[in-house]
1. Residues in the range B:213-243 that are surrounded by 12 or more Cβ atoms within 10 Å (Cβ to Cβ), farther than 16 Å from residue B:163 by Cβ and without any contact (Cβ under 8 Å) to a residue 40 or more places away in the chain: how many?
2. Among the candidates A:25, A:44, A:53, single out the residue that is at positive phi, without any contact (Cβ under 8 Å) to a residue 40 or more places away in the chain and out of contact with any strand residue (DSSP E or B) (no Cβ under 7 Å at 6 or more places or on another chain).
3. Out of the range B:153-163, which residues are surrounded by 16 or more Cβ atoms within 10 Å (Cβ to Cβ) and assigned to a loop (DSSP other than H, G, I, E, B)?
4. Mind checking which residues of the range B:47-65 are more than 8 Å from chain A (Cβ to nearest Cβ) and buried (at least 16 other Cβ atoms within 10 Å of the Cβ)?
5. Determine whether residue A:29 is facing another protein chain (nearest Cβ under 9 Å), part of a helix (DSSP H, G or I) and either farther than 25 Å from residue B:44 by Cβ or at pLDDT below 90 (or both).
6. From the list A:68, A:48, A:96, A:86, which residue is more than 12 Å from chain B (Cβ to nearest Cβ), at pLDDT 85 or above and surrounded by 14 or more Cβ atoms within 10 Å (Cβ to Cβ)?
7. State which residue pairs qualify: first residue more than 10 Å from chain A (Cβ to nearest Cβ) and inside the range B:294-309, second residue buried (at least 24 other Cβ atoms within 10 Å of the Cβ) and not in a helix (DSSP H, G or I) in any location, beta carbons under 6 Å apart, and separation of 6 or more residues or different chains.
8. Can you tell me which residues in the range B:171-184 are part of a strand (DSSP E or B) and farther than 12 Å from residue B:229 by Cβ?
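The values are calculated or read from the model by the stated rules, or taken from the named source; none is laboratory data. Keep in mind it's a predicted model, so treat the numbers as computed, not measured. Backbone-built Cβ (ideal geometry, glycine too); neighbour counts: all protein chains shown.
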């Protein structure tokens, strides 16, 4: 296992507790800041919101790294094991990009449908889909 | 019996030194036991399941024109905690997160004591971990009860809607009231208790069924208030509060429920293994309480997933 002594590893655990608690606290503060709870003029500011969101996501990833590598002892395992668990996770990077893009596309389709539904209906002219000078036979029964 | 064991151990020992035979079953790869490797790969697959759910949440959120603001939806807490702080959004879930982090830390301590073959140490830290897990489940039970019982959220109904522009509410008689709202602000559609006044806010109005001047009371006795936007495309048009995107309720209950079920099964397994520790089963194995280490991996994973559930549902 790890080469740390008992006392050292106990210290690592205390450090881990403080780190995770502080990072979680910071995340909550950033989240509330981004939504304009602290400075009300920032409310609805999309750039601030996006930046804060990105920051919180990065901090969460750091927390995940810390839990896996420190608490779950991945740091002290053979590299092959670590890679066989961590590398497949990279697939999720693509999944996130693809599905968020997809969700956005659904939204723009819906918006487009609503926009067109709201347009005033224009009565279609008889045979308007046919090119001009096309001979049309009437149905006489 | 003792003879057979010795013979087998001797055989295994021989195979250990045959590098090219490593995959024939005698020596586990990556220098960890099979049990731990399989726990890692189970957790990997479970991570993909959770990732699938959370990405679904993201995709549906992106596809909706509005989405309930989490710090409005989750601004409730038990025992009137927010009465002391004024408005304190997210305080309750932050407390829940701390609980899980602390129980993760006690788990690490348990595993460490296991490496020292300290039976009582393992037991104490495992019991503390179990309490952490139970505390988290209790908090979640309160949160769900509040959402279902008081705020009338269900799998198919989301009582939290969101305004797309700024404006003001109409009062009971359909005249302009002093109550205004900003763009992107969420509202909760309350249920009118029949024969009495509204259960929440203690409003004294008697509501009439149907479409009224200032509100709409639907057949399930939800009071949809009326409002007017003062900006945007629908400026000046009187509108009625609509339910929010229905997927929100289903996603919330399904994902936090799935996570809560993981916590629950974790507590069950921790209890079983703690009982085994107490009975001295692992003392005889002399493998540094590896079973505790394996359930520890699972327990940290549950904490890890909560990091992302917390991120996606509450912070963003």
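1. 5
2. One residue alone meets the criteria, A:44.
3. Step one: list which residues in the range B:153-163 are surrounded by 16 or more Cβ atoms within 10 Å (Cβ to Cβ), which gives B:153, B:157-163.
Scanning the range B:153-163 gives B:153, B:157, B:158, B:159, B:163.
4. B:50, B:53, B:54, B:57
5. On the way: facing another protein chain (nearest Cβ under 9 Å): no; part of a helix (DSSP H, G or I): yes; either farther than 25 Å from residue B:44 by Cβ or at pLDDT below 90 (or both): yes.
Considered against the rule, which asks whether it is facing another protein chain (nearest Cβ under 9 Å), part of a helix (DSSP H, G or I) and either farther than 25 Å from residue B:44 by Cβ or at pLDDT below 90 (or both), residue A:29 comes out as no.
6. Numbers: A:68 fails: more than 12 Å from chain B (Cβ to nearest Cβ); A:96 fails: more than 12 Å from chain B (Cβ to nearest Cβ); A:86 fails: more than 12 Å from chain B (Cβ to nearest Cβ).
Being more than 12 Å from chain B (Cβ to nearest Cβ), at pLDDT 85 or above and surrounded by 14 or more Cβ atoms within 10 Å (Cβ to Cβ) holds for just one of A:68, A:48, A:96, A:86, which is A:48.
7. Sorted first by the residue in the range B:294-309, then by its partner, the list stays empty.
8. The answer is B:176, B:177, B:178, B:179.
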